[in-house]
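Enquirer: The structure's right below; bear with me while I get my questions together.
The values are calculated or read from the model by the stated rules, or taken from the named source; none is laboratory data. As the structure is a computational prediction, the values presented were derived from the model and not from experiment. Heads up, the Cβs are rebuilt from the backbone with ideal geometry, glycines too, and the neighbour counts pull from every protein chain shown.
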Amino acid sequence: MKNMKILEQVKTQSGNTVDLFCKDAKNRNTPEATILIAGCFHGDEPSGKYLIEKYLEKDIEPDNRLLFIPCLNPDGLIAGTRGNAAGVDLNRNFPAKNWEASAKDKYYGGKAPASEAETKFMVAVIEKYCPDLILTLHEPYCIVNYDGPAFDAAKKISEITGYRLEQSIGYPTPGSFGTYCGIERNIPVITLELPPTTESEDAQTPVVSAESLYEPFEKIMDFLNFYNIKN
């Protein structure tokens, strides 16, 4: 990855690494805004890692400071599982007010809020770098979901992708990242649900290649590079 610096790093239960990369704004001392892009909350949704890492090969000079976590859940990615090495669904493990103890199924929220190293890492990143907007990459629903004051950016991303815009994902998500950051902290959070790139019982559309998703993702990033969030 070109001209990238690792700002933060953490080891997972299995000894894999979660990295936070930064691509500075062209006016490094006065960036317009800070935007965080994160992939692979779920290990069986691998396209986010591919898209982010491919994008990071580009030479760009954005107006905004861009932070990237290509893969939040490397243990799950290697195992091909939704949860991490402890079987925890990271998108049910955030310390939101609606976190709740749950059965040890694929939506298991962990033994306590923010019990997992990956979740703690993300919470620390949010607290330290104070992103003005967050984009997370998921599969397989082909929608643009948003939490907090993210309507305008989410609408533009919906126009770029052709995916429908949905404020609700359609089912309860206790302890979710969107609730923790978007609803409770008023940070604009966009959950981009891409088509499935692996077989999924939840998918409603055919499996596609991650490569086929890169062109619209690059257009989204071109938009976010210069998006003036504060006006």
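Enquirer: Considering region 133-162 alone, what residues qualify as being assigned to a helix (DSSP H, G or I), in contact with a Pro (Cβ under 7 Å, 6 or more places away or on another chain) and either among the polar types (S, T, N, Q) or without any contact (Cβ under 8 Å) to a residue 40 or more places away in the chain (or both)?
Expert: Across region 133-162, the qualifying residue is only Thr161.
Enquirer: Say whether the condition of being on the phi > 0 side of the Ramachandran plot and either at pLDDT 95 or above or not polar (S, T, N, Q) (or both) is met by at least one residue in region 120-129.
Expert: No: region 120-129 contains no residue that is on the phi > 0 side of the Ramachandran plot and either at pLDDT 95 or above or not polar (S, T, N, Q) (or both).
Enquirer: Separate question: Quick check: is even one residue across region 105-113 touching a Pro at 6+ places or on another chain (Cβ under 6 Å) and either in a loop (DSSP other than H, G, I, E, B) or among the basic types (Lys, Arg) (or both)?
Expert: Yes; the residues of region 105-113 include at least one that is touching a Pro at 6+ places or on another chain (Cβ under 6 Å) and either in a loop (DSSP other than H, G, I, E, B) or among the basic types (Lys, Arg) (or both).
Enquirer: Is it fair to say Lys11 is closer than 19 Å to Leu224 by Cα and of a type in the set (Lys, Arg)?
Expert: no
Enquirer: Taking region 114-132, which residues are under 17 Å from the mean Cα position of the chain (by Cα) and assigned to a loop (DSSP other than H, G, I, E, B)?
Expert: Residues satisfying the conditions are Ala114, Glu116, Cys130, Pro131, Asp132.
Enquirer: Would you pick out the residues in region 198-212 that are of a type outside the set (A, V, I, L, M, F, W, C), in contact with a Pro (Cβ under 8 Å, 6 or more places away or on another chain) and modelled with pLDDT of 90 or more?
Expert: Thr198, Pro206
Enquirer: Now for a different question. Scan region 43-55 and tell me whether some residue there is among the hydrophobic types (A, V, I, L, M, F, W, C), modelled with pLDDT of 90 or more and either farther than 30 Å from Ala203 by Cβ or in a loop (DSSP other than H, G, I, E, B) (or both).
Expert: There is no residue in region 43-55 that is among the hydrophobic types (A, V, I, L, M, F, W, C), modelled with pLDDT of 90 or more and either farther than 30 Å from Ala203 by Cβ or in a loop (DSSP other than H, G, I, E, B) (or both).
Enquirer: I'm checking my understanding of the structure. Among residues of region 24-60 that are surrounded by fewer than 20 Cβ atoms within 10 Å (Cβ to Cβ) and among the basic types (Lys, Arg), which one is farthest from Val208 (Cα to Cα)?
Expert: So the residue we want is Arg28.
Enquirer: Quick one: Gly182 ticks every box in (1) more than 19 Å from Ile52 (Cβ to Cβ); (2) in a loop (DSSP other than H, G, I, E, B); (3) free of Cβ contacts under 8 Å to residues at least 60 places away in the same chain bar one, so which box is it?
Expert: (2)
Here's the yes/no breakdown for (1) touching a residue at least 12 places away in the same chain (Cβ under 8 Å); (2) in contact with a Cys (Cβ under 8 Å, 6 or more places away or on another chain); (3) closer than 18 Å to Asp75 by Cβ; (4) not acidic (Asp, Glu):
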| position | (1), (2), (3), (4) |
| --- | --- |
| Phe21 | yes, no, no, yes |
| Glu32 | yes, no, no, no |
| Ile35 | yes, no, no, yes |
| Phe41 | yes, no, yes, yes |
| Lys58 | yes, no, no, yes |
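Enquirer: So is Ala85 part of a loop (DSSP other than H, G, I, E, B), modelled with pLDDT of 95 or more, buried (at least 18 other Cβ atoms within 10 Å of the Cβ) and at positive phi or not?
Expert: No, not satisfied.
Enquirer: Residue under question is Tyr214, and the condition is that it be part of a helix (DSSP H, G or I), more than 28 Å from Ser115 (Cα to Cα) and in contact (Cβ under 8 Å) with a residue 24 or more places away in the chain; does it hold?
Expert: Taking the combined requirement at face value, the residue satisfies it.
Enquirer: Would you check which residues across region 151-169 are out of contact with any helix residue (DSSP H, G or I) (no Cβ under 7 Å at 6 or more places or on another chain), of a type outside the set (S, T, N, Q), within 27 Å of Ala25 (Cβ to Cβ) and surrounded by 18 or more Cβ atoms within 10 Å (Cβ to Cβ) and list them?
Expert: Within region 151-169, Ala153, Ala154 meet the criteria.
Enquirer: Among the residues in region 66-81, are any under 16 Å from Val189 (Cβ atoms), charged (D, E, K, R) and assigned to a helix (DSSP H, G or I)?
Expert: No: zero hits.
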